[in-house]
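What follows is a single structure, written as structure tokens, with notes after it.
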Amino acid sequence: MKYVVISRLAPGVDSARKAFEVFLKAGLPAGTESVWAGADGKTFVNIVESETPDIVASSTYAPFFEASTVIPVVAVDDAWIEAIRAAQANWG
């Protein structure tokens, strides 16, 4: 399963500095495809492939983020399209 994880860095230069130090030591969680910092330099978007959200990575970086959102991503295949069409047909 893939997850999109959106995290916003907590305010303060110390948060950014300490988060970067931890990042240099710990790196990205296993299965992470990409990491992007948003245009504001405080919002990070990761795409992670894992059976469950990584609790270790969450615990490692949690002190430096004021908020994190985890969004499960599902593949859009023919079965998914048919399920959506069936649901729409029942909407009335």
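Selection of the range 1-20 for residues being of a type in the set (Phe, Trp, Tyr) and more than 11 Å from the chain's Cα centre (by Cα) yields only PHE20. Determine whether the range 64-79 contains at least one residue that is out of contact with any strand residue (DSSP E or B) (no Cβ under 6 Å at 6 or more places or on another chain), modelled with pLDDT of 85 or more and not charged (D, E, K, R). Yes, that holds for at least one residue.
The criterion of at least 1 residues that are free of Cβ contacts under 8 Å to residues at least 40 places away in the same chain and either acidic (Asp, Glu) or under 28 Å from VAL76 (Cα atoms) (or both) is met, among strands (runs of 3 or more DSSP E) falling completely within the range 1-50, by 32-37, 43-49. Just so you know, in the range 27-45 the residues that are modelled with pLDDT of 80 or more and of a type outside the set (Lys, Arg) include one that is farthest from the chain's Cα centre (by Cα), and it is THR43.
The values are calculated or read from the model by the stated rules, or taken from the named source; none is laboratory data. Only a predicted model underlies this, so the values are computations on that prediction, with no experimental measurement involved. Note that we place each Cβ from the backbone using ideal geometry, even for glycine, and neighbour counts take in every protein chain shown.
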